[in-house]
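The values are calculated or read from the model by the stated rules, or taken from the named source; none is laboratory data. Keep in mind it's a predicted model, so treat the numbers as computed, not measured. Cβ coordinates were reconstructed from backbone atoms using ideal geometry, including for glycine residues, and neighbour counts include every protein chain displayed. Each accessible area value is taken on the protein alone, full model and side chains, heavy atoms only, with ligands, DNA and RNA left out. Shrake-Rupley method; radii C 1.70, N 1.55, O 1.52, S 1.80 Å.
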Amino acid sequence: MLKEERQNCILNKIRLNKKVLSVDLSHELNVSEDTIRRDLNELSSKKLIKKVHGGALTIENIAPSYEERRNHNLQEKNSIAKKAVKLIKSGQVIIMSGSTTNLQLAKIIPSNINATIYTYSLPIALQLTEHPSIEIIFIGGKIHKSAQVTVGLDVVSSISELRADLCFMGTGGINISNGMTEPNWEVSHIKKCMISVSNQVVALCTKNKINEIKRYTAVPINKIDTIVTDIDPKDSIFNNFKEKGVKIL
């Protein structure tokens, strides 16, 4: 079997099974494990698979790390943060979800703002420790390692006892039919609770999140007051949102 044929066979197996083991491929294709490792390295360098110890996974099967998500679309997130920060006033009680766009927002809150911010995000809480006059209340619970947030019933219980003036919410996806959606069930319930205790809900959305749908619904679109985005607010993509009473910034 030629190398190209062998690598196509490997790709087909990964697409079918979501993962492969080097030892199994060696037996099935009747080549050495060293040959398989070279094939996997080459496919990985082409961004066709994700090589891991002992085998490989599909690219789609890999959740990006927090660090990767934090640096993705950074220019767009900074643009959104500069719009959103204008909504923050002294004296407010604010609750922030664990989105990487919220992290950029936390970095640019003016030093003269005196407010109380609740968050279940470790990176956001740590970032806010650098602010001279923000009172930070971290909501503890079980750590979701890849997202660097706390999750679980303790988090939901703590949030349910709050009353916030303003909620800054990241999202996995948002559209008219499904509202705000998330890939993680526990996070979707936490966000549902956050929104229920907030007077004003602001969704921070890069353009790739608009009209995107994830597995779990957090809240319907009528629970969102404002969407802050890197897209021109006059873009026709927002016409249906505006008809539902959502303000676009």
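Below is a table of values for the structure above.
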quantity: Ellipticity estimate at 222 nm from DSSP helix runs (n ≥ 4, -39,500 (n - 2.57)) divided over the chain, nearest 500; calculated: -10500 deg cm²/dmol
quantity: Residues with amide H under 5 Å from that of S99, placed H, sequence gap 5 or more; calculated: G170
quantity: For the chain: accessible area per residue (Å², 1.4 Å); calculated: 52
quantity: Charge dipole of the chain about the Cα centre (unit charges at C-beta), most positive-ward option of Y66, T116, S198; calculated: S198
quantity: Normalised contact order of the range 14-171, rounded percent, pairs of Cα under 8 Å and 6 or more residues apart; calculated: 18
quantity: Span from the the range 77-147 Cα centroid across to the the range 175-249 one, whole angstrom; calculated: 19
quantity: Length-normalised contact order for the range 9-82 - Cα pairs under 8 Å, 6+ apart - percent; calculated: 28
quantity: Cα→Cβ-extended label distance, 7 Å offset, between E5 and I108, nm; calculated: 5.7
quantity: Rounded to whole Hz, the Karplus (6.51, -1.76, 1.60) HN-Hα couplings of the range 97-109, x for glycine and proline; calculated: 6, x, 6, 6, 6, 4, 4, 5, 5, 4, 6, 10, 5
quantity: Rounded percent of accessible protein surface that carbon and sulfur make up, the range 119-213, 1.4 Å probe; calculated: 51
quantity: 3J(HN,Hα) from dihedral phi, the range 41-57, Karplus parametrisation 6.51/-1.76/1.60, rounded to Hz, x for glycine, proline; calculated: 4, 5, 5, 5, 5, 8, 6, 8, 9, 10, 6, 10, 4, x, x, 7, 10
quantity: Accessible area of D235 in the full protein assembly, 1.4 Å probe (Å², nearest 10); calculated: 60
quantity: DSSP loop GluC sites (Glu not before Pro) with at most 12 other Cβ within 10 Å excluded, longest remaining stretch of the chain; calculated: 1-129
quantity: Relative contact order computed over the range 104-171 (Cα-Cα under 8 Å; 6+ residues apart), in percent; calculated: 26
quantity: Integer Hz, Karplus 6.51/-1.76/1.60 couplings in order for the range 156-163, x for Gly and Pro; calculated: 4, 4, 5, 5, 4, 8, 8, 9
quantity: Over 19 Å (Cα to Cα) - which of K13/K50; K86/K214; K77/K145; K18/K209 fall in this group; calculated: K86/K214; K77/K145; K18/K209
quantity: Paired Rg and Dmax values of the chain, which use every Cα atom, in angstrom; calculated: 21.7, 70
quantity: Geometric extent, Cα atoms of the range 63-146 - Rg, Dmax (angstrom); calculated: 12.7, 38
